[in-house]
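A short reminder: the numbers here are calculations on the coordinates, not readings from a lab. A quick note: this is a predicted structure, and the numbers were derived from the prediction, not measured. So basically every Cβ, Gly included, is an ideal-geometry build from the backbone, and we count neighbours across all protein chains shown.
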Amino acid sequence: MGKVQTTITAKAHVYGDHIDTDRIIPGKYTKTLDLSTLANHVLEDLDPNFNKEVQQGDILVAGINFGCGSSREQAPLALKQAGVSVVIARDFARIFFRNAINIGLPVLEIADHNIKKGAKLEIDLKSGSVKDLTANISYTATKLPDIMISILNEGGLVNYLKKNGNYSL
Amino acid sequence: MGQTISEKIISKHVGYKVHAGELVISNVDGAMASDTTGPLTIKAFREMGGKKVFDPNKCALIIDHAAPSPNERIANLHKMMRDFAKEQGMRLFEIGEGICHQVMVENQYVKPGDIFIGADSHTPTYGALNAFACGVGSTDLAATMMTGKIWLKVPQTIKITCNGKLQEGVTAKDLILFLVGKVTVSGATYQAIEFCGEAFEGLSLASRMTIANMSSEMGAKTGIVHPKGLELDYDFSVVTPDEDATYIKTFEFDVSGLEPQVSAPESPDNVHNISNYEGTKINYAFIGTCCNGRLEDLDIAAQILKGKKIHPDVRMVIAPASQSVLLDAMSNGTMKTLIEAGASLITSGCGPCVGTHQGVPADGEVVISAANRNFRGRMGNPNSNIYLGAPSTVAASALEGQISNPKKYLV
C-alpha cells in the first residue's frame, strides 16, 4: 500500500462517542504550522494522560461520530504526529474522515466493534481486517470509496495530486 | 426518477444526471479558507505542486478566526495569507471585514444553484441561498483551489418539513436548535438536509443563514433551505426538488407552538424548552458568530435592552458578523443602544466562539451564547459551561443575570 504501512500490530486506546475536534485539539492550539505543538496538546481535555501513554504506532478506537465539529485538519494531524497509526470508530464525522485520508492517516469504520482499552490489535489495511488479539474477535472494516483508497495509497492528497495533477475516478 | 435539490445542483455541474451514492468529480463555483485553515491550505497547495489558483476571482482568504492577531505566531500566519493572496491576485478579507461566511454571501462569492467549497465546517450556511455548500479541511481546499474541482459522493437527503408559523418572540435560532435536538449531532452524517414548509417561507436571508448554518451540528454535508420566499437584491434562479425525489428520511413538525429553546452543555443537540433552564445564573453573554451576528440579531437584542442596563454580575460581548452589519447597526442606533446597556463591542469576526481570544470564560463560569457550538472547551476553557440560545434569549439573560425567556420583552 505504497507510503502507508499496511500491517500494524499495536495497542488500542479506547474512547467513547461524539469525540469532537475541540477535544481532539482545542481551537486555541490550532493556529500553527508546528506539528509538535499539536501533538503536545492532543486530546488534553478528554484524557490528560493520553499524550504520556501513547506509543508510536498505537491505535485510537472510538464510538460513533468521531471527529465531529470543526473542519480543522489539525485534528488528524495532531493524532498522527502524536504517533497514532490508525483510527477505528463505529463511524466518523465526514470532514474528519476526509481530512484523515487526505493527510495519510488511515481510518477504519467498524460499526459493531467492541474493542476494549489496552487490547492488542492486528490490522491489515489492505483487506480492512482487524483482529482483536486480546479478545480473540475479528472484524472487517467498511470498504473505502476507490478514490480514497487511491489517495491513501499515495500517502495522502498532496502526493496524489503531485503525481496525478488532477483528480480521476 | 426524481431528484433532490442537491442531486439537481450536482447534475448541472457534472453535465449528467446523478443520484445519491454516485461518486463524482465536480467543478466548483467558489472556494475559501479562514486563518484557522488557510495557512495549512497554502502549505499543502505548494507541496502538491500548485502554482496558480484555478480562478482568483472565485477564491478568497478571510482573516476572521483570530483577528486582529493576538500574538506573533498568529501574526506571521496572517502575513503568510496576505502574501499568498497578493501573489495569486485573489482577495483577502482583512481583520474586521467580517466572518468568512458572512462576507462570502455579502460579496456574492456564492449564489443560488452554486457548488461552493469552504475550509470551515459552517460552510453549509450558504444553503440559505439555495446553494450546495460543503465544509472541508485544508488539504481538500488546497486541491480545490488548484484544480477548481472536488470529489464528492452525491449525498442522500433528509427532508425536514416544518408546518405552522413561529410565534412572536420565537426566532429561527429557536427553530434550528429544536431541529438539532430532534435530529441529533450525528443524525445527518454524510447526508444533505432540505428544510421546507411554511415555517421557513417567511424567513429573511439572515434567518435562513442561521438555519442552514447549524446543518453542520447534525453532521450534514450540506443543508439547503427550500427557496420559496427567498429574497435577494439581485436576479437569480432557484433549484427546487422534484415531487418524486427520493429521501432517506423525512421529519415533519408543527412548530406553531414552539417555545424559545436552549442547548445545554456540552453538545449542541442537548436541547430543551427554555423553561427547563430559566433561573440558571450566568456570568457572560455573547452575541455574534456566523450563526447569529447579523443585523436582525443585534436589533432584537437592542429591542430588549433599550434604555436598560445589563445585570451587574454579567459582562456582554458583541461581535457583528461583518463590517457591513456593524455599519448598519451604527446607522439605525442599535449599536448605541447595546453599548449604553453595557455591552462591549469587539472586532467583527469569530471572536470568543473559537476560544482563541477576545473573551475566554474563567473556571466555573457560565456563558449564554448565540453561537452554534457548546462543546467542552469550545470557548477556550474546558472548566466553563456554555448554553446556546437565540440572540433574544442572550439579551434577556444578560439583563436578568440568569437564563431568561425573552418573550415577555418582545410580545
Compactness index (Cα Rg / 2.2 N^0.38 Å), chain A: 0.97
Relative contact order (percent, whole number), chain B, Cα cutoff 8 Å, 6+ residue spacing: 18 percent
Amide H partners (placed H, <5 Å) of B:TYR284, local residues excluded: B:ARG315, B:VAL366, B:ILE368
Whole-number D in µm² s⁻¹ for chain B, Kirkwood Cα-pair radius fed into Stokes-Einstein, 10 °C, 1.306 mPa s: 75 µm²/s
Cross-link partners of A:LYS117 among lysines (Cα-Cα below 23 Å; sequence separation of 8 or more within a chain): A:LYS11, A:LYS52, A:LYS80, A:LYS131
Theoretical FRET efficiency, 1/(1+(r/R0)^6), r = Cβ-Cβ of B:LYS336 and B:LYS309, R0 25 Å, to 0.05: 0.95
The range B:293-323-the range B:159-177 distance, computed between alpha-carbon centres (Å): 22 Å
Inter-centroid distance (Cα atoms) of the range A:1-50 relative to the range B:34-90, Å: 25 Å
Evaluated at q = 0.14, 0.23, 0.27 Å⁻¹: base-10 log I(q)/I(0), Debye formula over Cα of the range B:288-365: -0.43, -1.08, -1.33
Sum of side-chain charges, B:SER204 neighbourhood, beta-carbon under 12 Å (Lys, Arg +1; Asp, Glu -1): -3
Residue-averaged 222 nm ellipticity for chain B, from DSSP H runs of 4+ at -39500 (n - 2.57), nearest 500: -8500 deg cm²/dmol
Of the GluC sites (Glu not before Pro) in the range B:112-211, those whose Cβ has at most 11 other Cβ within 10 Å and which sit in DSSP loop: B:GLU168
Cα-based reach from B:LYS309 at 22 Å (exclusive), listing lysines while leaving out same-chain residues under 8 positions away: B:LYS281, B:LYS336, B:LYS407, B:LYS408
For the range B:236-301, projected area of the alpha-carbon convex hull averaged over all directions, nm²: 8.4 nm²
Under 5 Å, built H, 5+ apart or other chain: amide partners of B:VAL18: B:SER11
Radius, Kirkwood style, for the range B:261-405 when every pair of distinct Cα atoms is counted (Å): 14.5 Å
Contour minus Cα-Cα distance for B:ASP235 and B:LYS408 (0.36 nm per residue): 58.4 nm
Calculated P(r) of the protein assembly as shown - Cα pairs past 33 Å, %: 39 percent
Global geometry of the range B:40-149, whether rounded, prolate or oblate, following the gyration tensor of its Cα atoms and the 1.5 cut on a/c: oblate
All lysines inside 28 Å of B:LYS249 as judged from Cα atoms, apart from same-chain residues fewer than 8 positions distant: A:LYS143, B:LYS8, B:LYS12, B:LYS17, B:LYS111, B:LYS153, B:LYS159, B:LYS165, B:LYS173, B:LYS182, B:LYS221, B:LYS228
Normalised contact order of chain A, rounded percent, pairs of Cα under 8 Å and 6 or more residues apart: 25 percent
Residues with amide H under 5 Å from that of B:THR161, placed H, sequence gap 5 or more: B:CYS196, B:PHE251, B:GLU252, B:PHE253
Near-label residues of the range A:62-87 by backbone N, under 18 Å of a point 7 Å along Cα→Cβ of A:LYS116: A:62-63
